[in-house]
1. How are the Cα pair distances of segment 4-59 distributed, in percent, across 5 Å bins from 0?
2. Over 26 Å between Cα atoms, which of Lys169/Lys225; Lys212/Lys247; Lys59/Lys109; Lys154/Lys273 qualify?
3. Using a Förster distance of 51 Å, how high is the FRET efficiency between Ser56 and Tyr315, based on the Cβ-Cβ distance and rounded to 0.05?
4. Going by how many other beta carbons lie within 10 Å of each one, how would you line up Thr200, Thr266, fewest first?
5. If a helix is a whole DSSP H run, which ones in the chain reach 30 Å or further along their own axis (Cα) and hold a mean Kyte-Doolittle hydropathy of at least -1.0?
6. What's the whole-number percent of alpha carbon pairs in segment 35-133 lying beyond 24 angstrom?
7. Under the definition of Cα pairs under 8 Å and six or more residues apart, what whole-number percent is the relative contact order of the chain?
8. So if we plug the beta-carbon distance of Asn179 and Ser151 into 1/(1 + (r/R0)^6) with R0 = 30 Å, what FRET efficiency do we get, rounded to 0.05?
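None of the figures in this text is laboratory data; all of them are computed from the coordinates on show. The model shown is predicted, which means the values in this text are computed figures rather than measured ones. Neighbour counts are summed over all protein chains in view; Cβ atoms, including those assigned to glycine, are modelled from backbone coordinates with ideal geometry.
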Amino acid sequence: MTPKVSIITATYTLDRLDDVKQLLDSVNRQTDNNYDMFVVVERTPELVDKISAYISEKKYANIQLVYNDGPGGASANRNLAINKAKGDIIAFVDDDAVVSPDWVSGIVKTFTEDDSVIGVTGPILPLWQDGAADWVSPEFYWIFSCTAGDSEEKIEVRNGYCTNLSFKKEAFEKAGLFNTDLGVKGRGRGGWQEPGGEETELAIRIRDITGKRIVYSPDVSVQHKVYAYRLSCNFISRRAFWEGYGKALLNKKFRSRDNKANVLATEHSLLKKILFYRLPRTFKLIFTKPGTGFRQFGLIVTVLSCVAAGYMKYYLTN
């Protein structure tokens, strides 16, 4: 029997209403309809009413609205839905993303063709809302929870983003839920306001406990909207600072685990790519396209400085 997929998204503001509608439309276009969906709403009862009205208007089936009137945050919202989900596979997607028509079928295929797979992620392509930002090189797409088109083949990875991430239900039964102490609670237009390493922490925990793999599959893709405010210096600086802070926290938490693997190997590899591949090309770009080149150089300096500041902040205060 084909595994059933329970899709989970969380939302919290009326500003995202149109985004949620477009996400629901894309889910409804799936080529594999063996799924149900949970939309968790916190803070805004009016948003529940408006999403409910849209679901009724469109006659969308298998979508359940859940109102979170308890502790908020992305992790708490996802945990609430995980406890209600009955699917064999639990899939997460952000409320401002759009999934490809074969998203569900790609997830199911990746799990069923290899029993060693416990988690699946895939391309998260930036969907620029106010014109493409050519000064943002792919090495920095993580700022927007996007990927750089990591591979055209299936590869094993450490973790994924909940913009496009799924696990077998057994992963949560064995390893537990998201750590709400790490979960983001204050994004919005002001940028990150605390570490958001819950996805990485959960992925490492699941891999360690189950002994199974998380796989990046190019067949499982979504588009993630990048609005203009996410290109602001304030947003990027905060995101980078808390990224550094969160990675220091995770390094301390997991560095003594039994398998002795380098927790931050992914980040170290990316840093080398930025320094030895992207930076030299940016210097060349300054002479051929000065406007783009200087903005790209500014991005590199800002992000690396803020990541380092966040990393040092954690170790100085903990």
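1. P(r) for segment 4-59, in whole percents per bin: 4, 18, 31, 26, 14, 6, 1.
2. Lys169/Lys225; Lys59/Lys109
3. Once rounded, the FRET efficiency stands at 0.50.
4. Result, fewest neighbours first: Thr266, Thr200.
5. Those that clear 30 Å and a mean of -1.0 are 233-254, 290-317.
6. The share of Cα pairs beyond 24 Å in segment 35-133 comes to 35 percent.
7. 19
8. Using R0 = 30 Å, I get an efficiency of 0.60.
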